[in-house]
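The values are calculated or read from the model by the stated rules, or taken from the named source; none is laboratory data. Computed from a prediction, not measured in an experiment: that's the story for all the values here. Cβ coordinates were reconstructed from backbone atoms using ideal geometry, including for glycine residues, and neighbour counts include every protein chain displayed.
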Amino acid sequence: MTGRLVSVNVGPVREVEWRGERVRTGIWKSPVGDRAVRVRGVNLDGDDQADRSVHGGRDKAVYAYAEEDYAWWRDEGGLPEAAPALFGENLTTHGLDLRAAVVGERWRVGTALLEVAQPRFPCFKLGIRLGDPRMVKRFTLAGRPGAYLRIVEEGEVRAGDAIEVLDVPAHGVTLALMAAAVHDPSLRPRLRAAPQLPASWRADE
């Protein structure tokens, strides 16, 4: 299975005003064009997160969102301007159904090796980015969470790179199942089949 990297997006932390307070956030990201970006540690060069206690780290090092899901937001989700980097993702993909991605499957992107770790559940800062406090709930209900990825091997990525899906585990724990299990506790025992499940999810079992 092969997809394509549409855009690489990075951005520094900035301060914005929200409901009379100053809030630090790294959700504003911008495409870098066709230049290569180094993926290393728990981040991409030129990118940052404001609060590493809930964003970033090994199990949320890189965030991917699909071009196909942006098309849904434009056509059915009421966001006519939806385009790469709007949701703060580092990698905008094409040709992969991220909801069907299996926890622990690995992607070769450019010279980097990445591993699917978990779906995204946004905080209130997505509402700040979109200027709509209802956006967090809307995003969750849409069932199009995107994929957080671990960095297994450091390397460089650039727009146009192929995304080669490798080593797909047979346990069948998809990001869609993980997202559904948050709202349906009866599904949570099924998550234990994935040895690559982040520790934070095991603590909630």
R188 - would you say it is under 30 Å from E21 (Cα atoms) and either touching a Ser or Thr at 6+ places or on another chain (Cβ under 9 Å) or charged (D, E, K, R) (or both)?
no
For the list (1) surrounded by fewer than 19 Cβ atoms within 10 Å (Cβ to Cβ); (2) out of contact with any helix residue (DSSP H, G or I) (no Cβ under 6 Å at 6 or more places or on another chain), I need the number of the one condition that L79 fails.
(2)
So which residues in region 116-168 are assigned to a loop (DSSP other than H, G, I, E, B), crowded, with 18+ Cβ neighbours inside 10 Å, more than 16 Å from the chain's Cα centre (by Cα) and of a type in the set (D, E, K, R)?
D161
Restricting to region 45-86, count the residues that are within 13 Å of the chain's Cα centre (by Cα) and of a type in the set (A, V, I, L, M).
6
Kindly indicate whether G95 is free of Cβ contacts under 8 Å to residues at least 24 places away in the same chain, under 28 Å from A36 (Cβ atoms) and in contact with a strand residue (DSSP E or B) (Cβ under 7 Å, 6 or more places away or on another chain).
no
For H171, only one of the following conditions fails: (1) part of a loop (DSSP other than H, G, I, E, B); (2) under 25 Å from F139 (Cβ atoms); (3) out of contact with any Gly (no Cβ under 7 Å at 6 or more places or on another chain). What is its number?
(2)
Please give the strands (runs of 3 or more DSSP E) falling wholly within region 5-111 in which 1 or more residues are farther than 30 Å from A170 by Cβ.
14-18, 21-25, 37-40
Within region 25-47, considering residues that are surrounded by 13 or more Cβ atoms within 10 Å (Cβ to Cβ) and over 17 Å from T92 (Cα atoms), the one modelled with the highest pLDDT:
R40
Per the filter on region 169-195, residues of a type outside the set (A, V, I, L, M) and either over 17 Å from the mean Cα position of the chain (by Cα) or more than 29 Å from H94 (Cα to Cα) (or both) are P169, H171, G172, H183, D184, P185, S186, R188, P189, R190, R192, P195
Looking at A112, A179, A194, A199, which one is surrounded by fewer than 18 Cβ atoms within 10 Å (Cβ to Cβ), among the small types (G, A, S) and over 24 Å from E81 (Cβ atoms)?
A199
Residue by residue through region 190-205, note down the ones that are charged (D, E, K, R) and modelled with pLDDT of 90 or more.
R190, R192
So G110, is it out of contact with any Ser or Thr (no Cβ under 9 Å at 6 or more places or on another chain) and free of Cβ contacts under 8 Å to residues at least 12 places away in the same chain
no
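Does A71 satisfy being within 27 Å of A162 (Cβ to Cβ) and in contact with a Leu (Cβ under 7 Å, 6 or more places away or on another chain)?
No; evaluated as a whole, the condition is false for this residue.
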